[in-house]
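For reference, the structure discussed in these notes is given below.
The numbers here are math on the coordinates, done by the rules we state, and not lab data. A quick note: this is a predicted structure, and the numbers were derived from the prediction, not measured. Note that we place each Cβ from the backbone using ideal geometry, even for glycine, and neighbour counts take in every protein chain shown.
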Number of protein chains: 2
Amino acid sequence: MTPPQFNSWQSIQDEVLRRIHAREWPPGTVIPNEADLAQDFGCARATVNRALRALADAGILERRRKAGTRVALHPVSRATVDIPLIRQEITARGLVYAYRHLSRRIASPPRDVAATLCAGTPCEGLHVTALHLASDAPFVFEDRWISLTTAPAAAAQGFETLSANEWLISTIPYTHGDIRFSAEVAPESIAELLGTSPGAPIFVVERTTWDHTRAITTVRLNYAPGYSITTGIGTPS
Amino acid sequence: MTPPQFNSWQSIQDEVLRRIHAREWPPGTVIPNEADLAQDFGCARATVNRALRALADAGILERRRKAGTRVALHPVSRATVDIPLIRQEITARGLVYAYRHLSRRIASPPRDVAATLCAGTPCEGLHVTALHLASDAPFVFEDRWISLTTAPAAAAQGFETLSANEWLISTIPYTHGDIRFSAEVAPESIAELLGTSPGAPIFVVERTTWDHTRAITTVRLNYAPGYSITTGIGTPS
DNA sequence: GATGCAATTATGTCTATACATATTAATCTG
DNA sequence: CAGATTAATATGTATAGACATAATTGCATC
């Protein structure tokens, strides 16, 4: 009659997952509170808390004070995507990285960029375009605007040999950002740069980074056809 | 001379982030150990641990036993992408969800699908195709194979009114999966289904889910032009 | 019945202490 | 000096107890 001893928070996580999978706790169920579970499992409440918190982070449980813990109704799978430097992305595939600077000028950004970069008010931005190559093959075309309000030091940079991204992350730290993945077809200008034909499918990543409330840079990465992002989903166990 | 009191693990996280951003601890630095930091901050070691562990989860710190904690050399930003049910994805936009079943047959999957679904050995699979509509407009074309070895119960399902995904997640729980995002151009068959023209850009999500070592299903979601995935990056603070 | 206040309750977090574990550094040995 | 053994160390985790906080529930009042 001795309850099986769950000593580690991972074993508790496994047991909770087992009960969810076995439909002992179907989606929507409010599961027993931490104190009761701790007694059931023969461990401290903090240990149960650790396990349940991890599952809540993974989107499997939903927790609210006083209301308790329930099994998520819609098991939203959550995928964590690593966004490495393009240099790393290329060298990790065993290819040779090369950077080719294309253009650089100070100008007023177009309206859509200005909306995020300058919060509507007119401002000066640094427009930089460049090509990243993997073993001499075009890999991604970068089209970037840098806010000279937030990052005035960028005005002194040529970005002829060092990619703007690498300079930025080692100089202007950011607090947060947003990212958008989409699919587009290559217009003639981009197709030419990427060494492909117009109409080719382009994987597009648009990213804006912020330092607190001020936008630093917004970039549009146009990946050559064949590019894909792969990652895992599910319990990190 | 009283050290500023950091009472919560979040305030400690903020302070550590501040020191990293202020280049007091540039990338690569091995930061003081938990015990020392706890004394500096005037709190318990467990509190420091909580803060540092969260930053390590976010990819900002790298921790190894005995070796200590260092600021990540390459601040790999990590984006967490929620993968909701298509129904939710559509209703969340304020549109009306509709499901249209297209085909269903039991067959041997093509080689590339068999490789993941049956681990190479020949096997039977259930092939289901369907269209998800958002306020009568085609939203995504689903092309799915279900393993009848892992999920034999699927053979009894028609999938005429209930989407395969919704049936699966409420019937066959999965332990983990992998996911791939890419861009393609619509072939004629898919363009027609999505109500667009051949050559239109299609955002493609390919997903395989597993129950431990056995594959359950592999699905290819072809999103109508204009679709994008948006999420945030940076410190979850 | 509607409304506002208070009691209750479950999670959230902090503390102090202890032990576990991985990994490096030091030391001993052939 | 090479290789194996041992000690030292930083993180990882468990525990019991306490208090904080949010949110619901129920009660009292209008």
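May I ask you to derive the FRET efficiency for B:Thr80 and B:Arg105 from their Cβ-Cβ distance with R0 = 41 Å, giving the value to the nearest 0.05? Approximately 0.65, to the nearest 0.05.
In the calculated pair-distance distribution of the protein assembly as shown, the portion above 31 angstrom amounts to 53 percent of the Cα-Cα pairs.
Calculated mean residue ellipticity at 222 nm for chain A: -7000 deg cm²/dmol, from DSSP H runs with n ≥ 4 weighted as -39500 (n - 2.57), summed, divided by the residue count and rounded to 500. Plainly put, the tip 7 Å out from Cα toward Cβ on A:Ala137 is 3.5 nm from that tip on each other copy, the closest given first. Here the scattering of region A:109-176 is modelled by Debye summation over its C-alpha atoms, one equal scatterer each and no solvent; at q = 0.22, 0.25, 0.27, 0.28 Å⁻¹ the log10 of I(q)/I(0) is -1.02, -1.18, -1.27, -1.30. Phi-derived couplings, Karplus 6.51 cos²θ - 1.76 cosθ + 1.60 at θ = phi - 60°, listed residue by residue for region B:193-203: 4, 8, x, 10, 9, x, x, 5, x, 10, 7 Hz, with x used for Gly and Pro. What number comes out for the charge environment of B:Glu142, summing +1 per Lys or Arg and -1 per Asp or Glu over other residues with Cβ under 13 Å away? Cβ neighbours under 13 Å give a net charge of +2.
Going 7 Å from the Cα of A:Leu162 along its beta-carbon direction, which residues of region B:5-47 have the amide nitrogen within less than 15 Å of the resulting point? Backbone N within reach: B:27. For region A:9-71, the fraction of C-alpha pairs farther apart than 19 angstrom is 17 percent. Measuring nothing but how far apart in sequence close Cα pairs (under 8 Å, 6+ apart) lie, relative to its length, region B:9-71 scores a relative contact order of 41 percent. Placing a label point 7 Å from the Cα of B:Arg64 along the Cα-to-Cβ line, the residues of region B:7-45 whose backbone N sits under 14 Å from it are B:28-31.
Based on Cα atoms of chain B, Rg over Rh with Rh as the Kirkwood radius reads 1.13.
Region A:1-70 and region B:1-61 have Cα centres spaced 29 Å apart. If I fit a long axis through the Cα atoms of helix A:9-21 and take the longest principal axis of the Cα atoms of chain A, what angle between them do I get, 0 to 90°, rounded to 10? So the inclination is approximately 80 degrees. Counting only the Cα atoms, region B:148-237 fills a convex hull of 157 Å³ per residue. In the elastic network of chain A, a GNM with C-alpha springs shorter than 10 Å, the most mobile of A:Thr209, A:Thr149, A:Thr69 is A:Thr69. By the Cβ distance rule (another cysteine Cβ under 4.7 Å), the unpaired cysteines of the protein assembly as shown are A:Cys43, B:Cys43. For region A:39-105, the calculated P(r) over all alpha carbon pairs, in 10 Å bins from 0 to the bin holding the longest distance, is 16, 26, 18, 15, 16, 8, 1 percent.
Shape verdict for region B:1-123, please, from the Cα gyration tensor: rounded (a/c under 1.5), prolate (a/b greater than b/c) or oblate. It comes out prolate by the Cα gyration axes.
Between B:Val96 and B:His21, residue separation times 0.36 nm minus the direct Cα-Cα distance comes to 22.5 nm. If a spin label sat at a point 7 angstrom from the Cα of A:Ala119 along the line to its beta carbon, the backbone N atoms of region A:179-220 nearer than 18 Å would be those of A:208-218. Using only Cα coordinates, the Kirkwood hydrodynamic radius of region A:86-223 works out to 15.5 Å. Where chain A is rotated onto chain B, the residue of A whose Cβ comes nearest the axis, and that gap in whole Å, is A:Ala183, 2.
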